[in-house]
Every structure is written in structure tokens, then in C-alpha cells.
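Enquirer: Input: one structure, supplied below.
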Amino acid sequence: MFSYCADPSTLEGLKWMSCYLTTAKHMSLYWSFLTVLTLLAITAPAALLFGFGGASAARSRIAPLRWFGKAYIAIVRGVPDIAFFLFFVIALDQAFEWVRHQVKCPDWDEPIRQGNDFIVCQAAKLPLGNAPQWIHEVYGFSLAVLTFAIVFGAFAANVLYGAMRAVPRGQIETAEAYGMTSRQTFWRILVPQMWVYALPGLSNLWMVLIKATPLLFLLGVEDIVYWARELGGTKTARFTDYPHGDWRLWYFLALLVFYLAFTKVSEVFLDRLMRRLSHGQATMGAGS
Amino acid sequence: MKKLILATTALALSAGIALADGHSVVRLGTEGAYAPWNFINDAGEVDGFERELGDELCSRAELTCEWVTNEWDSIIPNLVSGNYDAIMAGMSITAERDEVIDFTQNYSQPDPSSYLAKSADVDPATGVVAAQTNTIQASFIAEKGWTLLEFATPEETIAAVRDGEADAVLADTSYLTPIADEDAELTLLDKNELIGGGVGMGLRESDTELKAKFDAAIQSMKDDGSLNALIEKWEIGETF
């Protein structure tokens, strides 16, 4: 990056370090921080949406919808995250390709499963076989976001379900007494008031979600853990201009600091939000 | 305007042709953590013996190829589910793997495996031996009934010996030699194991057409000696 970096073997100390930390490979590490932040920025609202849908379904008056909501919450919460992550990404990918295959290649006569192979016609491939690498990466990333949203949505659904029930009964009764329909009661009375009950649980989930982002690595997305491990590994002089020993400890220490700092900032922010939401809120004792 | 429409039609047509062809872009999967076979260089790109070999094979087979990295553990499952079309990751041809995927002919000789340890008088039979999971070395140690310590990456197997967690690590000689050369603490034991049937390119069993193309390309590189030149350049082992 800098002009003096042409021959790193002659450099020492800070100068060497400044060259080392600005190699193209390190840039990939810095970009991957952005990947993680993007994931969080998209996943958190998506999971909340899934959660809201799940919670609303679970307390619905229509029985099949209620069963669906309860089953979603129970199943996803009961299965280990890691098993779900490994299962979902493959299953979702194959399900998408299967559907596209049925639509785009109706006259395909070979079986889709041939022994261990999962084969769909080229036009049904997702992304298409000739798509550039970045499309493959975006697709992989989207699958990861969807999986995260489904898994964390189930936990969020449970939190919101509880929060909806925590809104004082008197509030609902009063709304009904005013002649509001059940839909009006839900949107105008229940939803605005449930957040304060949901926030402690949701903030907890947010922390867990931050800490769960290294699972991206499991899904084949090159995240900060991947690059930290790759960059920290021993490098011999034959294969790099910057040989060094096993530095994984330092790289992982940097990750640790990053995660700690991030969760600390979140904590401060969530505290403030909590204080603001509790302002003027009807609580259990307030009515008496 | 007419020109524009013509160009668009041409583009659409060529895209259609590219789609109709079985493999317009062949995606090559590798681990990127096993120098000199494959590794990520300072520029963040896949480099090494297999990178050069793969690029040459693709140009000989007139294919457009693209490199992707994947964890070693899931490298075969991701091939059969179609995330990429071929594996070039220093993968030895074994009967066990051959049941799940297909291999081209080998592009390296059966590579001798060596032990790397802190002192030359370590006996692997009585000590703890580290190896990467799902490798021929790991199954070799397991078959012998020795104490095996498995790790997900090659890097961790070396670190285990440095920390004293394992007494020795068993891996391809070509991988261990540069490490032993640079680290005064570590030495290669005076003992080699001949395991595996050479390294080949892994493909889906249903992908016979692609396999034939790569087989022919490897054969042509064997015939004109360019494969041997690459093996010598990267110090992979014996030539053909």
C-alpha cells in the first residue's frame, strides 16, 4: 500500500507492521467486519419481523395458524443452533433449486438425486453456474441472513408472545369497552404497550445474536473468524513476503476486543431505550 | 438504435448458448490452507501448485474456471450438493472417497507422508500423533491403533506439536518440509509412510463429461512434461 512496502524483508518494527497490516489480505479482514455488521443490520429487523409474525400467529384465534405459530416457536427453539444452521442452509438451497427446476425444466427426465449428487438442470441453478463470484457470495450471505432470521425469530416470537400477555388486562378491557374491534385493540393498545415488556428479552437476544455471528464461518461466508484464523496461522518465507509465527492468539484477541466493545455499546444504547420506553407506561401497579 | 438492439440480441443469444453448454464456468473448490499445494497469498488470492495446475488444465480443456475456498471438513458435501464443480485441494485418491465422488487420474505421485516432531527420537507408535480430520494420514494412524489427535486445519496440527499437546504430526512431506526448514524447534523424523494413491481432482459421479475433459488435460500435461516442471517448481514430490 505504501511506497516503501516494495521489499518488506528490509523493513523493521513499525514500518514493517504498517506494510503487513495493509496487505490486500488484511483488507479482506477489514471488509469482513463490515460483513458482520451488515449481517446484524439486516438480521435484527428480519428476526423481529419473524418474531412478530410468530407471536401473532401463536395467539391467533384461528386454530391452524395458532398451531403453526406454536410449532415454529417450539421446534426452532428446541433444536441446537448449529444443527439448524447446517441443515437450513443446505435444505433451503436445495428447496429453492428444486422449485426452480420444476418451473424451468418441466421436460427433464433424469432423477434429481443420483446417489449422493443433487442435480438440477443448469437453468435452475441458484445462482446460475456462470454467475460471477460476488453473486455466489451475496447468495450465500442471503441464505445466512434468512437462516439467522428464522432461528432468532423463534426466540423473538417467544419473547413477544410473553410481552403481549404481560400488557395489563385492564387496558384491553377498557379498549373493548370503548367499542374498539379486536384488530384495533391489537394495533392501538396492545402493540404499542408490549415493547417495554419485550425489551429486556429482546436486548438479551441482540447480545446473543452479536455473539452468534461467527457461525457465519460455518455457513461458508468468509467472516472475521475465517480471516483471523487464516492470517494468524504460521507463514513461511517461501509463500509470503511477511513470514511470521503462530499469531492466531493476537488476532483472536483483537476479535475479543471487538465483540466486547460492540456489546458494551449495545448495552448502553439499550439502557437508554429502555428508560425512554418506560416513560409514562401503564404498568401492573399503575392502574390501582 | 438498431445497433443497440442487435448487440442486445447477440448478448442474449450468447448468454443462451452459455447456459445451454453444460459448464460455462467451472468452479474449482480448494481449502487454501495447505502450502505449497494451495494457500491464500498476500493479495488474498488462491495460490500454489494446484492454482497454477488448475488454471493450465482449464485453458487446455478450454474451460473458464473460477476458484472458491471451502472448509476441508465440508469440501466433499459441498461438491455433491453442487456449490462448485471440482475439488483441487491436495486430496489423495482413496477407495473410501471414491465411493462418494469420482476422481480424475492422479496429478501427483503417491506422496510420502512424514512425521514432524520437536526431537528426532520421538516414537509415533507410543506417543500422541496429530493429523487433520478426514485425511489419509488420520485414518492411517487410526488403523495402526496409535493415539490420534485430530484437528480441523493443518495449521492446528502443527500448533499442537509446538505446544506439546501432540508428540508428532503426520502429514504430506511436501507440506511439512518448508515448516521444518524455518523452525529450528521442529525436525522431520527419519521415517516415511507411503499412503494414498496420489492426488487427483475430485468431481461429482454424475459429471462424466467434465471428468473426461480434465483427464485428457492432465494426460496432455503429463505427456509434454509441463506437469513435471510444475511439480519441481513447487517441490511437491517425485515427478512422473
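Enquirer: Might you let me know whether the range B:50-58 holds any residue that is of a type in the set (A, V, I, L, M) and either away from every other protein chain (no Cβ under 14 Å) or within 15 Å of residue B:213 (Cα to Cα) (or both)?
Expert: yes
Per-residue answers, yes or no, for (1) assigned by TED's automatic domain parsing to the domain that holds residue B:103; (2) farther than 18 Å from residue B:93 by Cα; (3) modelled with pLDDT under 90; (4) assigned to a helix (DSSP H, G or I):
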| residue | (1), (2), (3), (4) |
| --- | --- |
| B:180 | no, yes, yes, yes |
| B:190 | no, yes, yes, no |
| B:212 | yes, no, no, yes |
| B:220 | yes, yes, no, yes |
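Enquirer: Would you confirm, using the coordinates I've provided, whether residue B:65 is outside any helix (DSSP H, G or I) and either surrounded by fewer than 21 Cβ atoms within 10 Å (Cβ to Cβ) or modelled with pLDDT under 90 (or both)?
Expert: yes
Enquirer: I need the full set of residues from the range B:130-178 which are within 14 Å of chain A (Cβ to nearest Cβ), over 22 Å from residue B:89 (Cα atoms) and not in a loop (DSSP other than H, G, I, E, B), in order please.
Expert: Within the range B:130-178, B:160, B:161, B:162, B:163 meet the criteria.
Enquirer: Pick out the one residue from A:229, A:238 that is of a type outside the set (Asp, Glu), within 14 Å of another protein chain (Cβ to nearest Cβ), out of contact with any strand residue (DSSP E or B) (no Cβ under 8 Å at 6 or more places or on another chain) and not in a helix (DSSP H, G or I).
Expert: Of A:229, A:238, the one residue that is of a type outside the set (Asp, Glu), within 14 Å of another protein chain (Cβ to nearest Cβ), out of contact with any strand residue (DSSP E or B) (no Cβ under 8 Å at 6 or more places or on another chain) and not in a helix (DSSP H, G or I) is A:238.
Enquirer: Which residues, taken from the range A:151-166, are more than 28 Å from residue A:88 (Cα to Cα) and either among the charged types (D, E, K, R) or surrounded by 22 or more Cβ atoms within 10 Å (Cβ to Cβ) (or both)?
Expert: A:163, A:165 - these are the residues of the range A:151-166 that are more than 28 Å from residue A:88 (Cα to Cα) and either among the charged types (D, E, K, R) or surrounded by 22 or more Cβ atoms within 10 Å (Cβ to Cβ) (or both).
Enquirer: Whether any residue in the range B:76-88 is over 27 Å from residue B:27 (Cα atoms), more than 11 Å from chain A (Cβ to nearest Cβ), touching a helix residue (DSSP H, G or I) at 6+ places or on another chain (Cβ under 8 Å) and assigned to a loop (DSSP other than H, G, I, E, B) is what I want to check.
Expert: Checking the range B:76-88: not a single residue is over 27 Å from residue B:27 (Cα atoms), more than 11 Å from chain A (Cβ to nearest Cβ), touching a helix residue (DSSP H, G or I) at 6+ places or on another chain (Cβ under 8 Å) and assigned to a loop (DSSP other than H, G, I, E, B).
Enquirer: Name the pairs whose Cβ atoms lie under 8 Å apart, with the first residue in the range A:15-26 and more than 8 Å from chain B (Cβ to nearest Cβ), the second aliphatic (A, V, I, L, M), and 6 or more positions between them or separate chains?
Expert: What qualifies is A:19/A:1; A:19/A:11; A:22/A:1; A:26/A:231.
Enquirer: Further question: Filter the range A:215-244 for residues that are without any contact (Cβ under 8 Å) to a residue 12 or more places away in the chain and within 20 Å of the chain's Cα centre (by Cα) and give the result.
Expert: Passing the criteria: only A:217.
Enquirer: A further question follows. Could you tell me whether residue A:155 is modelled with pLDDT of 90 or more and within 30 Å of residue A:223 (Cα to Cα)?
Expert: yes
Enquirer: What number of residues in the range A:76-110 are more than 10 Å from chain B (Cβ to nearest Cβ), of a type outside the set (Phe, Trp, Tyr) and assigned to a loop (DSSP other than H, G, I, E, B)?
Expert: 6
Enquirer: Hey, any hits in the range B:179-192 for a residue that's more than 14 Å from chain A (Cβ to nearest Cβ), among the hydrophobic types (A, V, I, L, M, F, W, C) and surrounded by 16 or more Cβ atoms within 10 Å (Cβ to Cβ)?
Expert: Looking through the range B:179-192, at least one residue is more than 14 Å from chain A (Cβ to nearest Cβ), among the hydrophobic types (A, V, I, L, M, F, W, C) and surrounded by 16 or more Cβ atoms within 10 Å (Cβ to Cβ).
Enquirer: Could we say that residue A:175 is at pLDDT 90 or above and not aromatic (Phe, Trp, Tyr) here?
Expert: Yes; evaluated as a whole, the condition is true for this residue.
Enquirer: Looking at the structure I just gave you, is residue A:38 surrounded by fewer than 15 Cβ atoms within 10 Å (Cβ to Cβ), at pLDDT 90 or above, out of contact with any Gly (no Cβ under 6 Å at 6 or more places or on another chain) and assigned to a helix (DSSP H, G or I)?
Expert: Yes.
Enquirer: Another question, if that's okay. Taking residue B:196 as meeting all but one of (1) surrounded by fewer than 18 Cβ atoms within 10 Å (Cβ to Cβ); (2) touching a Pro at 6+ places or on another chain (Cβ under 7 Å); (3) outside any strand (DSSP E or B), write down the number of the exception.
Expert: (1)
Enquirer: For residue B:42, only one of the following conditions fails: (1) away from every other protein chain (no Cβ under 11 Å); (2) modelled with pLDDT of 85 or more; (3) out of contact with any Leu (no Cβ under 6 Å at 6 or more places or on another chain). What is its number?
Expert: (1)
Enquirer: Of all the residues that make up the range B:124-135, how many are in contact (Cβ under 8 Å) with a residue 24 or more places away in the chain and surrounded by fewer than 24 Cβ atoms within 10 Å (Cβ to Cβ)?
Expert: Residues that pass the stated criteria total 5.
The values are calculated or read from the model by the stated rules, or taken from the named source; none is laboratory data. Keep in mind that this is a model prediction, so the values were computed, not measured. We place every Cβ from the backbone using ideal geometry, glycine too, and count neighbours over all the protein chains shown.
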